[in-house]
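The values are calculated or read from the model by the stated rules, or taken from the named source; none is laboratory data. A quick note: this is a predicted structure, and the numbers were derived from the prediction, not measured. Here the Cβ positions follow ideal geometry from the backbone for every residue, glycine too, while neighbour counts run over all protein chains shown. Side chains included, ligands, DNA and RNA excluded: accessible areas come from the protein's heavy atoms. Shrake-Rupley method; radii C 1.70, N 1.55, O 1.52, S 1.80 Å.
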Amino acid sequence: TPKHRILRKGSKGKGISGDDDTFTYNADYTSKMTRVKVPMVSMRDASSASAGGAKGNGSASAAGGASKSAGLVDGSASVPLSVEEDRRHLLEAAIVRIMKARKVLNHNDLVAEVTRQLSGRFLPPPQFVKKRVESLIEREYLERDEADRRVYRYMA
């Protein structure tokens, strides 16, 4: 028997015979050593799976890769609002970190550096980076250079 049973099987035996087997969630499961990743199912995958039958592993891989492969934010991809808000905060924190270190930076260099830093989490589109920079300018974290509008200055 396995050490950690997250799901409990209703019938006896090791194999899965078909639609007769039922599985229930084990609410008593706790483990400090084992981490369980549960992929999020997007609404599109859930509706197509319920209408056209189960897709097996395809829905799990599509759900896990949706946030990284598309990298679109701001309603252009099906990203939950909480994820979009978290990405907004991550992006603003990265911009402030970079500008605090560099003090003065060109727009294209800033976008490239932000994308490089956040590529491990998600790929922010340049339009989204620009919106977050504009927001930081409005809140007086950054300012545009008077001579060249494409250059940003960090305001301490």
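Tabulated values for the structure
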quantity: Scope segment 17-29; condition at pLDDT 75 or above, open to solvent by 60 Å² or more (accessible area, probe 1.4 Å) and not polar (S, T, N, Q); matching residues; calculated: F23, Y25, A27, D28
quantity: Unmet criterion (only one of (1) at pLDDT 70 or above; (2) aliphatic (A, V, I, L, M); (3) surrounded by 10 or more Cβ atoms within 10 Å (Cβ to Cβ)) for M33; calculated: (3)
